[in-house]
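The values are calculated or read from the model by the stated rules, or taken from the named source; none is laboratory data. Computed from a prediction, not measured in an experiment: that's the story for all the values here. Here the Cβ is made from the backbone with ideal geometry for all residues, glycine too, and neighbour counts use every protein chain on show. Remember, those area values only see protein heavy atoms, side chains included, never the ligands or the DNA or RNA. Shrake-Rupley method; radii C 1.70, N 1.55, O 1.52, S 1.80 Å.
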Amino acid sequence: MLYKEMTRAELLAEKEKYSHEYNLFKVKKLNLDMSRGKPSEGQIKETLGILNAMNPSTDYVTPSGINTLNYGCPDGLPECKELFSQILGVPAEKLYIGGNSSLALMFDYLMQCYAKGSSETSKPWIMQGEVYFLCPAPGYDRHFAIAEYLGIKMIPVKMTKDGPDMDQVEELVKNPAVKGMFCVPKYSNPTGVTYSDETVRRLASMKTADDFRIIWDNAYCIHDLFGREDKLLDMLSECEEAGNPSRAVEFASTSKISLSGAGVAVIAANEENLTYIKKRCARQTIGYDKANQYRHVLYYKDLAGVKKHMSILSDIISPRFEVVLNAFRAELSGLGIAEWSEPNGGYFINLNVMPGIATRVFGLCKEAGVKLTNVGATFPYGKDPDDTNIRIAPTFPSVEELSDATSLLIISIKLAALEKLLK
Ligand SMILES: Cc1ncc(COP(=O)(O)O)c(C=O)c1O
């Protein structure tokens, strides 16, 4: 029964029941974290073999003749480009391989656009007065943190089941002070949405300022769950076809394929952007960790090897998602106080509770020992205007821990909703 259709007496009875259940949880003194999208120990253990994939006495020179332990080959091993080319479906000549973090590559790229312009001929963003970025929200807090750090003003854009609300985006980009947009196009963090073909094509073809850039953060490009797979169009070719070949710069990494602290990150871009990026990178480094790049090549070999490994990881992650989703379905359906995503991949479940209670839910969980992602973190400037969104990160805790944490979360949602309705 919908909570809002209950009589006051019914609501009070429910509140008493869940207050009691909540107090039973408090006694358990849980200490659980559902806040950050980190791989679990099990995932790390399944991947440890990568550290021994390169035999130091025989393997450190690659078939293309590159000594992985010396300086040189600053834009990445050809063998590693070939591997990423298969993963991303982008030709190897469009790739630049970096260190372990795609976020670092994004930061440096945005800093370059800010200080030097987004191309050889365009004016630095910092010299153009107030500039703006579109931020599909809920979105990835660390994107928002980069924009905030650089002083780029953020404009939230509503997320739909097909990606960002394109009517809103097309209207906003008419302003030439809008310089770019963050996109997590597949199994988006946190909504789990994969952008539809129409969304990708509208992003590629809409009219924008010439120096507008899309940060195409394909962090979950191959991170399927439950044996299901969403399909995403290749943004670089769509931009080319639409006559805007330099519009998008794509980023990805193996942080959630191999090891989050010891993966390999990549940029994919057209020739103009790639040349411009490489020119800056040549001032930054004489070369990233090629031994790690080569370990990835030796360990996975090709796309089939990566897919096999991802299916092992999916067997670890999927049951964790299932625990949370099953509990939500069983305990929250039909009450009118929460809606959640059921993604086919990625690292997150997106939960929207009754407007105005997310902060209270967060507080109740915290008091009883379960840490959730800070409410508001999924919105620019940390402000969720409706106090409704909670990002659930189910990968790190064990299935048992998740089961406890989800039960507490559900009780907290019910209590907070009842408190609000009784006010
Ligand atoms: C959308 C998105 N982009 C980037 C990252 C970070 O990637 P990396 O470890 O390659 O810096 C994350 C990590 O959670 C993410 O969710």
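Numbers for the structure displayed
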read-out	value
Among the candidates Tyr22, Tyr109, residue that is open to solvent by less than 70 Å² (accessible area, probe 1.4 Å), away from the ligand (no atom under 15 Å from the Cβ) and part of a helix (DSSP H, G or I)	Tyr22
Meets criteria (surrounded by 15 or more Cβ atoms within 10 Å (Cβ to Cβ), assigned by TED's automatic domain parsing to the domain that holds Gly345 and at pLDDT 95 or above) for Pro78	no
Sole exception among (1) touching a Leu at 6+ places or on another chain (Cβ under 6 Å); (2) in a loop (DSSP other than H, G, I, E, B) for Gln293, by number	(2)
Unmet requirement for Phe396, which otherwise passes all of (1) open to solvent by 10 Å² or more (accessible area, probe 1.4 Å); (2) closer than 25 Å to Asn326 by Cβ; (3) in a loop (DSSP other than H, G, I, E, B); (4) out of contact with any Pro (no Cβ under 9 Å at 6 or more places or on another chain)	(4)
Options Ser412, Ser341: the member that is among the hydroxyl-bearing types (Ser, Thr, Tyr), over 25 Å from Ile155 (Cβ atoms) and in the same structural domain as Ser19 (by TED's automatic domain parsing)	Ser412
Residues satisfying the stated conditions in region 209-232, i.e. in contact (Cβ under 8 Å) with a residue 60 or more places away in the chain, touching a Gly at 6+ places or on another chain (Cβ under 9 Å) and part of a strand (DSSP E or B)	Arg213, Ile215, Asp224
Only one of Gly99, Gly76, Gly65, Gly72 that is touching an Asp or Glu at 6+ places or on another chain (Cβ under 8 Å) and assigned to a loop (DSSP other than H, G, I, E, B)	Gly99
When residues of region 234-255 are limited to those that are open to solvent by 40 Å² or more (accessible area, probe 1.4 Å) and closer than 27 Å to Gly99 by Cα, the one nearest to the ligand (Cβ to nearest atom)	Asp234
